[in-house]
Structures are given as structure tokens and as C-alpha cells.
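Participant: Would you mind keeping the following structure in view while I ask a few things?
The values are calculated or read from the model by the stated rules, or taken from the named source; none is laboratory data. The shown structure was predicted, so the numbers you read here are calculated from the model rather than taken from an experiment. All Cβ positions, even for glycine, are placed from backbone atoms using ideal geometry, and neighbour counts span all protein chains on display.
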Amino acid sequence: MLDNKIIKIKDLKSPKGAFLLGHLPQFNTYNKHQVLERWVEESGDLFKINFVGKEFVVSANPDFNNKMLRMRPETFKRFSKIEEVLKEMGVDGVFNAEGTTWKRHRKPIAEALSVKHVKAFYPIILDKTKTILEKFKKYAEVEHVVDVQKEFMAFTIDITTEVAFGYKLDTINNSSNDFQKHLEVIFPMINKRVTAPFPIWRYFKSKKDMVLDNSLKSIENVIYDVINKAKRRIEKQPKLKEQPSNFLEALLVENGEANFSDEEIYGNVFTMLLAGEDTTSNTLSWAIFYLAQHPEIVNKVREEAIEVYKNEVLSSVYDDIELLKYANAVAQETMRLKPTTPQLYLESNEHIIIENVSIPKGTSIILQNKVAQTQENYFSNPNTFTPERWLLNECPMHEKHSPNVMRAFGGGARYCPGMHLAKSEMIVLISALCKHFNFKLEVKPEEIKERFEFTMYPENLKVTFKAVE
């Protein structure tokens with residue numbers, strides 16, 4: 001792509017595929033993100049694949065990807081099948097909205113998840129962090145082997161449901177609740193439907209499809225009931241307009257010019273539940289994966305936590321999160337090595353040429369983002385877990401450090417509006433866990449597998465906790 005010759009999609013390389021089915025048999029697996037990584041090694045950072053005749057361009061070039069992300073939402077949109085599948089499920093929110101609809105959603109959603117409002121949600125994060133600390137202390141006393149991915153999922157579910165619309169669960173303490181069970185049904189089914197070559201569920205519903213329909217209806221009933229109660233509560237308590245207690249209240253307060261319908265409010269609350277659950281819990285799980293192998297890093301996080309928290313379990317002051325710089329570096333390094341959203345799916349709204357590559361209107365594109373995050377071109381010692389690379393005073397020791405290739409929260413105008421909330425949850429819990437515990441992997445690192453179900457999580461991550469005296 002260095003000369004001026006225009007490259008057409010038909011000229012791009014392609015990894016070896018199967019007759020008729022193309023690359024679908026290889027891609028239709030639990031670790032499809034790693035399949036893409038292997039194809040990058042085989043065909044370079046820009047190539048084409050096809051699923052039963054449906055063609056995709058795959059790019060692992062960070063400059064190319066960044067240009068496309070910066071052209072959203074005008075020139076590129078999210079892969080239309082994702083929007084199609086979510087709308088079928090009744091979800092019409094900022095995540096899958098496009099064009100002028102997205103612009104109408106974006107401002108009130110961003111305001112509802114601004115630092116000001118996340119600061120107001122901080123007591124919820126503290127409460128859930130203290131709850132899971134107590135649970136892990138009990139586990140430590142009996143040397144219980146912990147499925148951390150499951151535990152962190154409970155932690156983020158409890159935070160997300162209460163932050164989203166004031167719905168208090170106690171999933172952390174294994175309190176059985178139908179709402180949480182319904183949520184667990186949805187992510188795998190989104191992944192299955194988005195990657196399906198044919199929408200068979202529209203003509204024949206399997207048992208899993210019927211379970212999904214039941215779960216969606218149950219969640220819908222709960223959220224619409226909460227929306228109506230929130231509206232009445234704001235009318236009766238005007239102070240909530242200044243200090244909303246959850247995302248739904250903040251969204252209703254910020255609604256203003258957007259004038260959302262109840263269906264759109266529902267869609268955004270539902271999006272909050274989906275986006276705020278798996279990505280954060282999976283990153284926390286991968287952080288423990290690395291911390292358990294690096295006790296020296298745990299000690300550094302602990303020293304920082306003791307300095308910030310003093311004799312308290314946690315700090316009650318939200319602004320103290322800014323002082324937890326090393327815990328933040330651990331989170332950043334985890335997201336670099338184990339991004340929970342290793343690829344993004346886009347579609348071109350018009351014909352465009354980027355770096356001499358001709359992209360026709362309607363082209364489906366997969367942005368493979370992890371490869372660059374683990375390449376020597378962008379990070380020195382790229383496969384080494386080194387949080388220090390994210391500290392300003394440590395950067396000179398690293399010849400190469402390119403944080404601009406990171407895509408943990410997307411990029412361009414459509415970066416994730418929940419970034420502040422997610423980072424707050426991760427930094428506080430990483431800091432608190434290291435302050436109070438040491439960690440030991442109960443399986444070999446190579447036995448812990450990356451699994452992709454719309455987000456990427458560690459399978460078979462078993463850990464024991466030992467309380468710090």
C-alpha cells in the first residue's frame with residue numbers, strides 16, 4: 001500500500017478455505033478471534049474471507065483501522081447484522097443505533113455516564129466491592145478453589161443492575177434470581193445469531209430460541225415497570241434532577257431534546273446491562289490470571305493501596321481512584337494483552353478509498369485489533385505483562401509504546417460511553433483484592449483457554465486466595 005496503485009478487494013490475499021462453505025467451518029468455533037490471528041500470520045494485515053459466499057475484508061492494520069473508526073458514523077457503521085439481530089430482540093439503543101438516530105442518542109447517554117454521574121454511582125461500587133471481599137475472605141479461610149470468572153460476573157451484574165436502574169440483586173452471595181439467569185441466556189445467543197450464515201430462527205425456533213424469547217420478555221417486563229416507577233419518583237422528588245441515583249434516572253433527566261420513547265429508553269437500559277456485564281468481569285478475570293503469576297506486581301499494587309486507603313478497607317472518596325495509578329496500569333496492561341473485544345465488525349455506507357484500497361459501498365469489514373497490541377512494532381517486549389509501561393515516569397525504559405493502537409473502548413466518535421464506569425470498577429477491585437489477598441493459580445497457565453461468546457473470557461481459570469495478615 002506504499003505506491004499509488006489502487007487495490008481492489010478481489011486482489012487481496014485469502015487464507016485457505018473450504019469448497020462452498022469458504023472460511024465458515026474454521027471460524028465457527030469457540031475461539032474465532034484466535035482463528036483471525038492465525039489468518040493474519042498467514043495472509044498479512046489486510047485480506048479477505050468468505051462465509052458461504054458472503055465476503056468480508058479483515059484488517060489488522062492499526063492505522064487503517066483507526067481511519068475507519070474516525071469515519072464513523074458517516075462513512076462506516078456497525079455491521080448491519082448486529083443491528084438487525086439486536087432490533088429483533090427489542091434493543092434499540094446507542095450501541096446499535098446509526099446515523100442521525102445515533103447522534104440523538106449519543107449526547108444524553110454520554111451525559112448519563114459522565115464522570116459527574118459515575119461519581120454519584122461510586123457508593124454502589126464500594127458496596128459491591130466490600131461484599132465480594134468478604135466472600136473471598138471466607139473462601140480464603142477454607143482454601144476454596146474459586147472460579148473467578150463466575151464470581152466477577154456476579155460482581156459486575158450486581159453493580160450494573162443497580163447502576164442501570166436501581167435494581168438490587170445479591171448475585172455475589174449466590175442469591176438465586178430469575179433476572180440474572182435471564183441475562184446469562186442472551187450473550188451466547190447474540191453471538192450465535194450474528195455469525196449464523198442463515199437466520200433459521202425466523203422460520204423454525206429451537207428450544208434455545210424459545211428460552212431466549214422467554215428471557216427477553218421477562219427482562220422487558222421488569223425494565224418497563226422500573227421505567228414507569230422512575231418517572232413517578234422524579235416527579236415526586238425534584239432533587240433527583242440534580243442528583244440522580246442511577247443511570248435510568250440520569251437518562252430521564254438528560255432526555256430533553258432527544259425526547260426518547262419508552263422503547264428507546266428500554267433499549268438503552270438493556271444495552272447498559274449487556275455492555276456493563278461481560279466486558280468488565282472478563283477483564284478483571286484476566287487481570288487475576290496475570291497477577292497470580294506475578295506476586296511482585298501484586299506487592300506493588302498493595303503498597304499503593306495501603307498508601308491511598310491507609311487503615312480503611314477502601315476509600316470513600318471517588319477522586320482517590322486517580323491516585324491508584326499502578327492498579328490502573330495493571331488494568332491497562334490486561335486490556336492490551338487480553339482484550340475482551342478483540343475484533344469489531346463494520347460496514348461501509350459509501351464507496352471510499354483508504355490507503356489505496358478501494359472499499360465499495362456495503363463492504364463488510366472485520367477490524368482485528370489484538371494483533372497490533374501484541375506486536376514489537378508498537379510495544380517493546382509485547383508478550384510480557386509489564387504494567388510499568390503505562391506509567392509516565394517509567395515510559396523511557398520502553399523504546400516502543402503506542403497506546404493509540406488500543407481499542408478496548410472502541411475509537412473515534414463512537415468510543416464506549418461507559419468507559420469511566422468500567423475503569424472505576426476495575427481499578428477499585430484490582431486495588432482492593434491486592435491489598436487483602438495473594439493469589440495462586442490452581443491450574444497450569446496453558447490450561448486456561450480463551451473463549452469467545454461476543455466477548456472473550458478465560459475458560460477454566462481456577463484460583464485460590466490467601467488473606468494477607
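Participant: Given the condition among the charged types (D, E, K, R) and within 18 Å of residue 374 (Cβ to Cβ), answer yes or no: does some residue in segment 61-74 qualify?
Facilitator: Of segment 61-74, the ones among the charged types (D, E, K, R) are 63, 67, 70, 72, 74.
Keeping just the survivors that are within 18 Å of residue 374 (Cβ to Cβ) gives 63.
Yes, segment 61-74 contains at least one residue that is among the charged types (D, E, K, R) and within 18 Å of residue 374 (Cβ to Cβ).
Participant: State the number of residues belonging to segment 230-280 that are hydrophobic (A, V, I, L, M, F, W, C) and closer than 18 Å to residue 116 by Cα.
Facilitator: Within segment 230-280, the first condition is being hydrophobic (A, V, I, L, M, F, W, C), and the residues that meet it are 230, 234, 240, 247-248, 250-253, 258, 260, 265, 269-270, 272-275.
Retained after the next criterion (residues that are closer than 18 Å to residue 116 by Cα): 240, 247-248, 250-253, 272.
Of the residues in that region, 8 qualify.
Participant: Identify all residues within segment 229-240 that are in contact with a helix residue (DSSP H, G or I) (Cβ under 8 Å, 6 or more places away or on another chain) and within 20 Å of residue 169 (Cα to Cα); write none if there are none.
Facilitator: Going through segment 229-240, the residues in contact with a helix residue (DSSP H, G or I) (Cβ under 8 Å, 6 or more places away or on another chain) turn out to be 230-231, 233-234, 240.
The one that is in contact with a helix residue (DSSP H, G or I) (Cβ under 8 Å, 6 or more places away or on another chain) and within 20 Å of residue 169 (Cα to Cα): 230.
Participant: Condition (residue is at positive phi, at pLDDT below 85 and of a type outside the set (Ser, Thr, Tyr)) applied to segment 195-212: is it met by at least one residue? So that I can check it myself, show each step before the final result.
Facilitator: Taking segment 195-212 as the starting set, the residues that turn out to be at positive phi are none.
So far as segment 195-212 goes, no, none of its residues is at positive phi, at pLDDT below 85 and of a type outside the set (Ser, Thr, Tyr).
Participant: Which residue, of 184, 162, is of a type in the set (D, E, K, R), within 30 Å of residue 119 (Cα to Cα) and at pLDDT below 90? Talk me through it step by step, then tell me what you get.
Facilitator: Values: 162 fails: at pLDDT below 90.
One residue alone meets the criteria, 184.
Participant: So, one more: Sort out for me the helices (runs of 4 or more DSSP H) sitting completely within segment 258-352 that have 3 or more residues that are modelled with pLDDT of 95 or more and in contact with a helix residue (DSSP H, G or I) (Cβ under 9 Å, 6 or more places away or on another chain). Step through it out loud before you land on a result.
Facilitator: Numbers: elements: 262-275, 278-291, 295-309, 325-337.
Helices (runs of 4 or more DSSP H) meeting the threshold: 278-291, 295-309, 325-337.
Participant: Something else now. Can you tell me which residues in segment 354-372 are farther than 18 Å from residue 455 by Cα, touching a His at 6+ places or on another chain (Cβ under 8 Å) and either at pLDDT below 95 or hydrophobic (A, V, I, L, M, F, W, C) (or both)?
Facilitator: Listed by number, the list holds a single entry, 359.
Participant: Separate question: With the requirement that a residue be within 17 Å of residue 284 (Cβ to Cβ) and among the acidic types (Asp, Glu), what does segment 135-159 give you?
Facilitator: 147, 151, 158
Participant: Out of 113, 86, 126, I need the residue that is out of contact with any His (no Cβ under 7 Å at 6 or more places or on another chain) and buried (at least 19 other Cβ atoms within 10 Å of the Cβ). Which one? Write out each step before concluding.
Facilitator: Details: 113 fails: out of contact with any His (no Cβ under 7 Å at 6 or more places or on another chain); 126 fails: buried (at least 19 other Cβ atoms within 10 Å of the Cβ).
Result: 86 is the single residue among 113, 86, 126 that is out of contact with any His (no Cβ under 7 Å at 6 or more places or on another chain) and buried (at least 19 other Cβ atoms within 10 Å of the Cβ).
Participant: Condition check: under 24 Å from residue 285 (Cβ atoms) and in contact with a helix residue (DSSP H, G or I) (Cβ under 7 Å, 6 or more places away or on another chain). Does residue 162 satisfy that?
Facilitator: Working: under 24 Å from residue 285 (Cβ atoms): yes; in contact with a helix residue (DSSP H, G or I) (Cβ under 7 Å, 6 or more places away or on another chain): yes.
It is true that residue 162 is under 24 Å from residue 285 (Cβ atoms) and in contact with a helix residue (DSSP H, G or I) (Cβ under 7 Å, 6 or more places away or on another chain).
Participant: Can I ask one more? Please enumerate the residues belonging to segment 17-46 that are over 16 Å from residue 366 (Cβ atoms), touching a residue at least 24 places away in the same chain (Cβ under 8 Å) and not hydroxyl-bearing (Ser, Thr, Tyr).
Facilitator: Just the residues of segment 17-46 that are over 16 Å from residue 366 (Cβ atoms), to begin with: 18-21, 25, 30.
Add one more test, that the residue is touching a residue at least 24 places away in the same chain (Cβ under 8 Å), and what stays is 20-21, 30.
Selection gives 20, 21.
Participant: For a quick check of your reading of the model, give me the residue pairs whose first member lies in segment 280-309 and is among the basic types (Lys, Arg), whose second is modelled with pLDDT of 95 or more, with beta-carbon atoms closer than 6 Å and at least 6 apart or on different chains.
Facilitator: 300/326; 302/434; 302/435
Participant: In segment 32-80, what residues are of a type in the set (Ser, Thr, Tyr) and either surrounded by fewer than 18 Cβ atoms within 10 Å (Cβ to Cβ) or part of a strand (DSSP E or B) (or both)?
Facilitator: Here is the first cut: in segment 32-80, the ones of a type in the set (Ser, Thr, Tyr) are 43, 59, 75, 80.
Once the filter is applied, which keeps residues that are of a type in the set (Ser, Thr, Tyr) and either surrounded by fewer than 18 Cβ atoms within 10 Å (Cβ to Cβ) or part of a strand (DSSP E or B) (or both), segment 32-80 yields 59, 80.
Participant: Report, by residue number, each residue of segment 140-171 that is surrounded by 19 or more Cβ atoms within 10 Å (Cβ to Cβ) and either closer than 23 Å to residue 438 by Cβ or of a type in the set (S, T, N, Q) (or both).
Facilitator: 146, 148, 149, 151, 152, 153, 154, 155, 156, 160, 161, 171
Participant: Give me the residue from segment 246-289 that is of a type in the set (S, T, N, Q) and surrounded by fewer than 21 Cβ atoms within 10 Å (Cβ to Cβ) and, out of that set, farthest from residue 445 (Cα to Cα). It would help to see each step written out before you state the result.
Facilitator: Step one: list which residues in segment 246-289 are of a type in the set (S, T, N, Q), which gives 246, 255, 259, 261, 268, 271, 279-283, 285.
Okay, now just the ones that are also surrounded by fewer than 21 Cβ atoms within 10 Å (Cβ to Cβ), so 255, 259, 261.
Details: 255: 47, 259: 50, 261: 48 Å.
Restricting to residues being of a type in the set (S, T, N, Q) and surrounded by fewer than 21 Cβ atoms within 10 Å (Cβ to Cβ), the top hit is 259.
Participant: Among what's in segment 345-363 and is among the acidic types (Asp, Glu) and within 15 Å of residue 74 (Cα to Cα), pick the residue that is surrounded by the fewest Cβ atoms within 10 Å (Cβ to Cβ).
Facilitator: Start the filter on segment 345-363 by keeping residues that are among the acidic types (Asp, Glu), which leaves 347, 350, 355.
Restricting the remaining residues to those that are within 15 Å of residue 74 (Cα to Cα) gives 347, 350.
Details: 347: 19, 350: 12.
Residue satisfying both the conditions and the ranking: 350.
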